[in-house]
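Quick notes on the structure that follows.
The values are calculated or read from the model by the stated rules, or taken from the named source; none is laboratory data. Note that the structure is a prediction, hence the values are computed from the model and not measured. Here Cβ is always computed from backbone atoms with ideal geometry, including for glycine, and neighbour counts include all displayed protein chains. SASA here: full protein model, heavy atoms, side chains in, ligands and nucleic acids out. Shrake-Rupley method; radii C 1.70, N 1.55, O 1.52, S 1.80 Å.
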Amino acid sequence: STSFRVGSAKLVRQNQKKDFEDEVKIMKTRRDKLTQKCKEHEEELSRLENRIEAEIGKRGAAGKEIEEYKRLNGSQLAKELKTVEKKLKTEAMMTVNTTSPFGFEKLKEDINGISHCKEKLTEELESTTQTIGLLEEKKNEQIRYTFRQVQKYFSHFFQKLVPAGEGTIQWGDKNDPSDVESCTGVGFQVSFNKEKTKMKELKVLSGGQKTVVSLAFIFSIQKCDPVHFYLFDEVDAALDADRRQFAANLIKKKSATAQFILTTFRPELVYQADKCFMVKMLGTSSCVQEIDNDQAIHFIQEQIEM
């Protein structure tokens, strides 16, 4: 096994993804606050409009009284005038609200101010929504780019494992990478012979064929997003001799940049191993012992012959 230093590509992609998600979250929070402010200003605007309508209603009531006076003749009007003058002398003039016109103008100014504020908040809300849309598109484009890379490397590694075959990954049921939001997974189409037109789905493959597909998929992800080490438990158990040799050669090559820990009862992986360990039972306990490759091959042959 060989240790390796993980490249900076993974860290860069993770930081970009986190930055996109954080910025989208901040923009959505800001949008919600702006929406709430718009709602509050609309409610205040409605209250002011109701007050204005009430003032107009009061003035309309005074207009009805004027119409009643128009129906009186001269002597009746003179008599009514004396009555009103007498009443004005006896009542306090302070009951007249001389500030009503000023209050009305103040209400109009408040409405204009709130309307202007609402327009400004609406513009900010539209700008925030547009920014969120751009960030979402950047995120989706990053997902599509990653899929295209995995798709390319899957075909490459599948052909390494099956030289006469062909394999590809499909985007969801419709194979439409532009529709990121509705995609629920990926599908595999593979052929293990020269008749490449007869592609098969994963569910109809044998155990060994599924292992080949899994290995190609793991290696394609590892190519895009490397990790420190891989642990394979009898990954070659269902493979035939040729496939085991192809897999062993490929793992050996990949071990230059990653560490692989494997368990096997087959010789192909042992021939390529840098270190071998034997696990056996001593009484009721298991014992792990480092051995060389020749001892490991001899141990495996004994297990096969048993």
Quiz prompt | Options Asp242, Asp294; residue that is over 28 Å from Gly165 (Cα atoms), open to solvent by 80 Å² or more (accessible area, probe 1.4 Å) and not in a loop (DSSP other than H, G, I, E, B) | solution = Asp294
Exercise. Spot the failing condition for Glu181; the list is (1) acidic (Asp, Glu); (2) under 30 Å from Lys139 (Cβ atoms); (3) assigned to a helix (DSSP H, G or I), and only one is missed.
Key: (3)
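Being touching a residue at least 40 places away in the same chain (Cβ under 8 Å) and either within 18 Å of Phe157 (Cβ to Cβ) or charged (D, E, K, R) (or both) is the filter here; which residues of segment 217-233 pass it? I'd like the intermediate steps shown before the answer.
So in segment 217-233, the residues touching a residue at least 40 places away in the same chain (Cβ under 8 Å) come out as 217, 219-221, 223-229.
If the condition is that a residue be touching a residue at least 40 places away in the same chain (Cβ under 8 Å) and either within 18 Å of Phe157 (Cβ to Cβ) or charged (D, E, K, R) (or both), then Phe217, Phe219, Ser220, Ile221, Lys223, Cys224, Asp225, Pro226, Val227 are the ones that fit.
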Quiz item: Which members of segment 252-263 meet the condition of being open to solvent by less than 50 Å² (accessible area, probe 1.4 Å) and at pLDDT below 90?
Solution: Lys254, Ser255, Ala258
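Considering only segment 234-272, state which residues are of a type in the set (A, V, I, L, M, F, W, C) and free of Cβ contacts under 8 Å to residues at least 24 places away in the same chain.
Within segment 234-272, the first condition is being of a type in the set (A, V, I, L, M, F, W, C), and the residues that meet it are 235, 237-239, 241, 246-248, 250-251, 256, 258, 260-262, 265, 269-270.
Ile251 - this is the single residue of segment 234-272 that is of a type in the set (A, V, I, L, M, F, W, C) and free of Cβ contacts under 8 Å to residues at least 24 places away in the same chain.
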Quiz item: In segment 267-291, what count of residues is obtained for those that are assigned to a loop (DSSP other than H, G, I, E, B), open to solvent by 70 Å² or more (accessible area, probe 1.4 Å) and at pLDDT 90 or above?
Solution: 2
Quiz item: Which members of segment 151-183 meet the condition of being at pLDDT 80 or above and open to solvent by 20 Å² or more (accessible area, probe 1.4 Å)?
Solution: Gln151, Lys152, Tyr153, Ser155, His156, Gln159, Lys160, Pro163, Ala164, Glu166, Thr168, Gln170
Quiz item: Could you list, in sequence order, the residues of segment 1-56 that are basic (Lys, Arg), modelled with pLDDT under 75 and either in contact with a Lys or Arg (Cβ under 9 Å, 6 or more places away or on another chain) or open to solvent by less than 60 Å² (accessible area, probe 1.4 Å) (or both)?
Solution: Lys10, Lys17
